[in-house]
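These notes concern the structure reproduced below.
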Ligand SMILES: Cc1cc2nc3c(=O)[nH]c(=O)nc-3n(C[C@H](O)[C@H](O)[C@H](O)COP(=O)(O)OP(=O)(O)OC[C@H]3O[C@@H](n4cnc5c(N)ncnc54)[C@H](O)[C@@H]3O)c2cc1C
């Protein structure tokens, strides 16, 4: 049986950046186990590709996400420029459609400054200033963030994985963790083909499956999750430059982790609208509403017996979900939402669907959406669950925070024989 010091479950952007830090700082036998035939096949590739800058994140409720996004910006920028990965810093305008929403933008200005942003990074523009900048945009006001833009997180993940491999990390693809056997000293992971490996320590970065994996370690039993498919439509080239900046709108329901569809300028030059948030039964139901009958039944049982059922009594939630559902079956419904701020768009301008991705927010035992990532320690394991947006942006700094935490807990010794790194671990931790 193969034996490792540390095994990371999940070859997404989080598992891969953690493997990079560990292999740079330590001489350990490390592997990343990934169930697909390649890494970054799920949300780390299937996302909006937006480089976020935390003007809209509450510095208390979303402290880790905000700090990580702030610190990671320049880290990704360096990696992208050294490896010719697209990095388009075209900015984002978060728009208010009325005076009430404008108050949210004013709050964002305060939150942005609490998160370290300066007046060069964010400013509020009124409708006439916006008309000069984006003549086809119609709104009451907007918060313009110059640091946001677009990249390709799949390529960034692949590049980091190559650096990890150079440091000696093994990436074991087609390894789907099915069962976990824990002893007092180590963990045995048993894969769906019945092969197995042993590890002194396991880090769970399994994305949309991370809660299920944590439950295999008998952790987080009172929590449940939901899966929402985000769908996009690609704009025809004749209208793609109607607006040249990413456009986001102030969310209608701030208690739920969904944003209304945006106008996204992709790093490959295309423009898309999306994502909506359509409920599906698994983190990989990209093409249909249910994966198969048994998965659908198991998810429904989970919903009616678990903490999610409290959400079903919330009329705002039900209203939001039904609107999102409508925008999945009807392109016109999705375009109608964008028309509110770019009146010139029409359904026929969006002839093809873009690549969909699935978000998996976690529900607490009290029936609320959890706002931060959840970190939980097992006997010989550490789990990161609810690692949602803007998780791709924040991955390099957040994964350094995780390594630091494992050092503080005494799970990792003080590092020595460090290898040369593209990023400075101590500098990131000093600013954490
Ligand atoms: C629609 C959408 C839009 C988004 N937009 C943005 C954005 O614009 N900007 C931004 O910063 N963030 C965005 N995000 C969030 C960001 O993409 C995620 O936070 C990030 O990709 C999560 O990375 P991860 O490594 O945790 O998960 P993943 O990329 O899902 O990786 C987890 C991996 O674990 C593997 N795995 C799961 N179970 C097992 C198992 N049992 N055994 C072995 N392997 C397993 C999976 O196959 C997968 O490869 C978006 C997300 C979505 C879904």
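What follows is calculated from the coordinates using simple rules that are stated; it is not laboratory data. The structure displayed is predicted, hence computed values, not measured ones. Cβ coordinates were reconstructed from backbone atoms using ideal geometry, including for glycine residues, and neighbour counts include every protein chain displayed.
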Return the FRET efficiency for the residue pair residue 254, residue 109: r is the Cβ-Cβ distance, R0 is 22 Å, and the value is rounded to the nearest 0.05. 0.85
As a test of the formula, what do you get for the chain when each DSSP H run with n ≥ 4 contributes -39,500 (n - 2.57) and the sum is divided by the residue count, at 222 nm and rounded to the nearest 500 deg cm²/dmol? -10000 deg cm²/dmol
The FRET efficiency for residue 339 and residue 119, from their Cβ-Cβ distance with R0 = 22 Å and rounded to 0.05, is 0.10
Under the definition of Cα pairs under 8 Å and six or more residues apart, what whole-number percent is the relative contact order of the stretch 92-146? 51
Just order 267-273, 45-51, 7-13, 392-398 by mean Cβ neighbour count inside 10 Å, highest at the front, would you? 7-13, 392-398, 45-51, 267-273
Rounded to the nearest 0.05, FRET efficiency between residue 133 and residue 170 (Cβ-Cβ, R0 35 Å) equals 0.10
What is the gain in length, in nm to one decimal, between residue 162 and residue 415 on full extension, counting 0.36 nm per residue of separation less the C-alpha to C-alpha distance? 88.9 nm
Need one number: % antiparallel among DSSP beta bridges in the chain, to the nearest 5. 70
Based on a Kirkwood Rh over C-alpha pairs, give the Stokes-Einstein translational diffusion coefficient of the stretch 92-146 at 10 °C and viscosity 1.306 mPa s in µm²/s. 142
Tell me the label-point distance for the pair residue 196, residue 407, using the 7 Å Cα-to-Cβ offset, in nm and rounded to one decimal. 3.5
Sequence gap at least 6, Cα distance under 8 Å: using those rules, report the relative contact order of the chain to the nearest whole percent. 24
Taking the Cα centroid of the stretch 358-422 and of the stretch 1-76, what is the distance between the two, rounded to the nearest whole Å? 8
Classify the chain from the C-alpha gyration tensor, please: rounded if a/c falls under 1.5, else prolate or oblate depending on whether a/b exceeds b/c. prolate
For the chain, take the longest principal axis of its alpha carbons; what is the angle in degrees between that and the long axis of helix 99-114, to the nearest 10 within 0 to 90? 40
Compute the distance in nm between two label points, each set 7 Å from the Cα along the Cα-to-Cβ direction, one at residue 332 and one at residue 37. 4.1
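What does the extension gain come out to for residue 84 and residue 1, with contour length at 0.36 nm per residue minus their alpha carbon separation?
This chain segment gains 25.9 nm when fully extended.
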Whole-number percent relative contact order across the stretch 140-237, with pairs defined as alpha carbons under 8 Å at least 6 apart: 13
Additional length obtainable on full extension of the chain from residue 314 to residue 63, 0.36 nm per residue less Cα span: 87.7 nm
